[in-house]
Amino acid sequence: MNDRDSVLSAIRGALSGVPGSESPDASPLSHGRRVDHAGPDVVGLFARRAAEYRATVVRVPSAGAAAAVARALARTGTRSLVVPPGFPEDLVPAGPWSLLADVPPLTVGQLDAADAVVTTVATAVAVTGTVALDHGPGQGRRVLTLLPDQHICVVRADQIAPDVPEALRLLDPNRPLTLVSGPSATSDIELDRVEGVHGPRTLDIVVVEDA
Amino acid sequence: MSGADNVVWLGTPAFPEAARTALADPQLRANLRRATATIRDRRLAVAAELEDWEELRETAATIKRHTLRHLDHHLLRLEKAVTAAGGVVHWAADAAEANRIVTCLVKATGESEVVKVKSMATQEIGLNEALADAGIRAYETDLAELIVQLGGDRPSHILVPAIHRNRSEIREIFRREMGEWGAPAPEGLTTEPRDLAEAARLHLREKFLRAKVAVSGANFATADTGTVVVVESEGNGRMCLTLPETLITVMGIEKVLPSFADLDVFLQLLPRSSTGERMNPYTSLWTGITDGDGPRNFHLVLLDNGRTATLADEVGRQALACIRCSACLNVCPVYERTGGHAYGSVYPGPIGAVLTPQLVGVENAASLPFASTLCGACYDACPVKINIPEVLVHLRAEAVEAERRDRLLPTSEAIVMKAAAAVLNSPRRLAAVQRLAAFGSRLVARDGRIGALPGPFARWSATRDTPVPARESLRAWWLRTRTPTNGDSRTTAEGKGRR
């Protein structure tokens, strides 16, 4: 008997007391949020909670989005900016930085040497201050938001879900998914929180609200 | 399938002895007290933000209970979904088989080093040691695990494995060891956590960038979609999960969830229970392989290693619901004073005291179910409502039973219990013993307390005085003061009659 068969038969033996009439797929629960943790001001809550994770959050009208991205880049003195395929061109600000497209794919060394990356998001979560990437158009491969030291996320206000259950329902499990809550951090040394270990040390979130 | 050696470091020395050493270390106790108090307060604050917290716990417990009752079904669904998404699923009945699978997979790539995401399952099977025996070097990339690995040390907490180390100890370890493993510690390294984290970043970056193979654990895997989830903070997990060409994930069979939708409950409970955050900085979810993004080869190793034996015990089974948040450690008065090393296993604290004896067989870890005051704080804190005190008591009975089976002569405890049973079964004997005790104890007592007791009671009395029994027992007092009149209480009359 191979390991697969022996593990499965051990499980079946261990569960011989479970009546055959009990259906394994009949989930005993209805999922989803039964209590509203977000309140009426979903966008405001998202901005506050993300800022509590030491992300830099600004709220701007769509006409001001490119300028907000430019300010974030200028603040850190960016010299090179990675722009993923599918990122809206009108949101890429001109400035003293060079632009790197990921076509053909950048090498790990090129990404490691880049200063910043700007992306859109798939959705966001107000209650936890989280942005969620499914690495589709405008978001790029997973490493694009990992190696450069600054990550700028442009979030449309209507993309912000109130809570974790709503956000998960908007995500496609067949895509790679990355949920980001603040910059990279550790609390491993005496439980002192330190931002910036291996991932980006700076996270900027530009919330675009519009009429 | 279980054995004494499938949870590394088990049982030497046994808990009471190891705990005594830990208790004598004031630095360790101070570190632990500060750390557990901090994380306890944070957890309480963020759990209180969700008014349906108790409902979420109940839902999580129900999902876990239901999944475990149909574990074979959900694992087969998971296998099918992962395979359909381009992954390869392997099954391992025990630690040796899992290590053999991972070693073969690494060797097939031609590589001699791997980067690792912090994982309890790979610690449990001693993967790093097995890889080293095969000439493969495994680099831990979580900051705390790095501190532990460089220090030649053992993890002492599920979530923050280097909790027993303070900043100056960490600086010394970095200065002494980093150069042996790769990029040395920077000149003038201070004890500031920011500085130490930066040193770890520089040390590991070159390893991430050149790594071709990574090994991870899994926090969850969803059977309907084949999605695997890793929750972390530093980004080292994301590095390992996306940069290498080959990713090998080792996952205990109990980590499967029926559906992707179930994640909403657990992603609300886990970060709040473990680090006291609303959400951890990074959560990575992947389903098989994705063209042009991340590893080209994905292997999922499903690990039994004592879990099916645990599943067979209907009381003990609930320990398999554990999501490794470590909330139970941080509220446990025993853990707070002894630290994790005393438990002699990769799973310390209350959950370790119920999980380890089941994974290895209770006769091989007989002292662990007793490493608790049964205060119940762990049950209150557990986000999936594992009734740890219930399992502890259940395993204590099994430990006593195992010892009785193995010994030719009864233990002193068994003799005392037998004598106590004989006394308590007979009102006449009980009354006689009570009179004797009340009289005898007055001869040895000082100021109403009794100090050291002889023989088998010595260990009990070494840390506490025994109060002197009352001059008169309740039963004697009742008989004396309730003198029956005609037709009065039958109880009293019967009691008197029996005497």
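Points worth noting:
- Per-peptide average of other Cβ atoms within 10 Å, ordering B:293-303, A:71-81, B:373-383, B:220-230 highest first: B:220-230, B:293-303, B:373-383, A:71-81
- For the protein assembly as shown, the spread of Cα positions along each principal axis, largest first, Å: 105, 62, 58
- For the protein assembly as shown, the share of DSSP beta bridges that are antiparallel, to the nearest 5, is 35%.
- Chains A and B, summed buried accessible surface - 1.4 Å probe, Å², nearest 100: 7300
- Taking all protein chains together, A:D36, A:D3, A:D163, B:D25 sort by accessible area into A:D36, B:D25, A:D3, A:D163, largest first [probe 1.4 Å].
- Alpha-carbon spread of the stretch B:354-416, three principal axes, descending order, Å: 43, 26, 13
- Heavy-atom accessible area order for B:T103, A:T119, largest first, 1.4 Å probe: B:T103, A:T119
- Expressed per residue, the C-alpha convex hull volume of chain B stands at 194 Å³.
- For chain B, averaging the sequence separation of C-alpha pairs within contact (under 8 Å, six or more residues apart) and dividing by the residue count gives a relative contact order of 20 percent.
- log₁₀ of I(q)/I(0) at q = 0.13, 0.20 Å⁻¹ - the stretch B:338-465, Debye sum with one point per alpha carbon: -0.77, -1.15
- Over chain A, DSSP H runs of length four or greater, each weighted -39,500 (n - 2.57), average out per residue to a 222 nm ellipticity of -6500 deg cm²/dmol.
- Exercise: per-residue mean of other protein chain Cβ atoms within 10 Å, B:86-99: 2
- Cys residues of the protein assembly as shown counted as unpaired, since no other Cys beta-carbon is under 4.7 Å: A:C153, B:C104, B:C240, B:C322, B:C325, B:C332, B:C375, B:C382
- Here, P(r) means the percent of Cα pairs in each 10 Å bin from 0 to the largest distance; for the stretch A:1-160 it is 9, 29, 24, 11, 14, 9, 3.
- Accessible surface of A:L170 - all protein chains present, 1.4 Å probe, nearest 10 Å²: 120
- Under the criterion of Cα pairs below 8 Å and six or more residues apart, the relative contact order for the stretch B:291-440 equals 20 percent.
- Heavy-atom surface of the stretch B:302-452, accessible at 1.4 Å and reported per residue (Å²): 44
- Across the stretch B:107-264 the C-alpha pair distances fall into 10 Å bins from zero in the proportions 10, 38, 35, 14, 3, 0 percent.
- Selection of GluC sites (Glu not before Pro), the stretch A:6-108, meeting DSSP coil and at most 13 other Cβ within 10 Å: A:E22
- Charge dipole of the protein assembly as shown about the Cα centre (unit charges at C-beta), most positive-ward option of B:C375, A:V164, B:L302: B:C375
- Nearest 10 degrees, 0 to 90: helix B:427-444 Cα axis against chain B principal axis: 90
- Percent of Cα-Cα distances greater than 24 Å, calculated over the stretch B:196-353: 44
- Filter on B:K80/B:K255; B:K80/B:K116; B:K116/B:K255; B:K116/B:K212 - keep pairs with C-alpha separation over 23 Å: B:K80/B:K116
- A:A157-B:E192 pseudo-label distance in nm [points 7 Å out on the Cα-to-Cβ vector]: 3.9
- Surface share of carbon and sulfur [accessible, 1.4 angstrom probe, percent] for the protein assembly as shown: 54
The values are calculated or read from the model by the stated rules, or taken from the named source; none is laboratory data. As the structure is a prediction and not an experimental result, all values here were calculated from the model. Glycine gets a Cβ as well: all are built from the backbone with ideal geometry, and neighbour counts include every protein chain shown. Only protein heavy atoms, including side chains, enter the accessible area calculation; ligands, DNA and RNA are left aside. Shrake-Rupley method; radii C 1.70, N 1.55, O 1.52, S 1.80 Å.
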